[in-house]
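Shown next, in structure tokens, is the structure this report addresses.
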Amino acid sequence: MFIGEALTASRYLAGVQHMLAEQGVLRSALLQGTGLTQERLDDPTAWVTVPELDRFLERAVRLSGQPHPGLLLGRRLHISAHGSAGMAGLTAPDVRGSVNVAVRFFPLITELIAVRLDEGLVDAHITLDVLPGLPPRCEQFVLHTLFSSLSLMMEFLLGQRAVNAVLEWPGPEDAALRLALPNLGGSMRFGAPCHRIGLPQAMLDLKFALADGPAHQVALSRCEAELAVLNGRRSLANRLLLRMLRHIDAAPDLEQLAQEMAVSSRTLHRRLAAEGTTFRALLNAARMSQAQAWLRQGRSVIDVAHALGYGDSANFSRAFRRHQGIPPSHCR
């Protein structure tokens, strides 16, 4: 039970494989040493873990010399390439409906990102919460693929109105991203605290030309069924860890989690014990993963310790070393 077990649909790796095959990279060469098989990549219902994704991307970059495969892949993906979630978004009545599909069903694409929609009087914001502790190569790939694909969708569904979007990106400027996303580049700001797309509130009401009520309901039903299957693959501990990781700034307590699952806190405690873990262990794992992500972004040890509720940096440093095996200064 750890961050590496978060899943991504294998069809995106198959897309990279097909794209690089056009450049002369053998499909079999990409799989060597990754733990993946061709059968899994060809299976539209299969998933890959974070370590498998990271090894595959390392091979892809090294064999092709292409440092940003996600940016290229995203421009090749039609909406239907995203499976049932893509079809539900394509047939939604308007932008708001399509975004709400992403909020609910993005795990069917990848569990490495969660989508939030915040509506205001003037502007709306679509925030992408990246699972903390991801290898940088995986984080960049999923975000590059998402934004590149989103730019293509906006061109297709909304035309030039999409230039009203504002893209915010944490960390240093990503020159490749700026060049690759002209449709989201009307205003692109780096150094922001989160990955976020801002757009006029009125854009959420723009109608889709391909809106189709009956087809939309069918796609939503398929999404619900697929999400139930995905959740059924997971242990209770893993589901709760993902929940904590996505909301570490407002991590729920045991009672809140029990209420969300419609069980008593005693039952939840007993079920976690049967899986060999505790609520406290899960919360600590989530905190340490978030700490690692913040430290990689350059935040100070003292700042991270305070953000996670530690009374002083020494206690945090001891906890981090105990959990991660290295002092927090090594992550910076």
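Brief remarks follow.
- Matching label, Rg and Dmax of the Cα atoms in Å computed from the structure shown, candidates (1) 19.0, 56; (2) 20.4, 59; (3) 21.2, 62: (2)
- Summarising the label geometry, the points placed 7 Å from Cα in the beta-carbon direction at E119 and R299 lie 3.0 nm from one another.
- Under the criterion of Cα pairs below 8 Å and six or more residues apart, the relative contact order for the chain equals 16 percent.
- Charged-residue dipole, Cβ positions (Lys, Arg, Asp, Glu), the chain about Cα centre, Debye nearest 20: 760 debye
- Think of the range 68-205 as a dipole: +1 on every Lys or Arg Cβ, -1 on every Asp or Glu Cβ, centred on the Cα centre; then among V115, P132, M153, M153 lies furthest on the positive end.
- Pair C194, E224: separation of 7 Å Cα→Cβ label points (nm): 2.8 nm
Every number here is computed from the coordinates shown, using simple stated rules; none is lab data. Because the structure is a prediction, the values reported are computed rather than measured. Cβ coordinates were reconstructed from backbone atoms using ideal geometry, including for glycine residues, and neighbour counts include every protein chain displayed.
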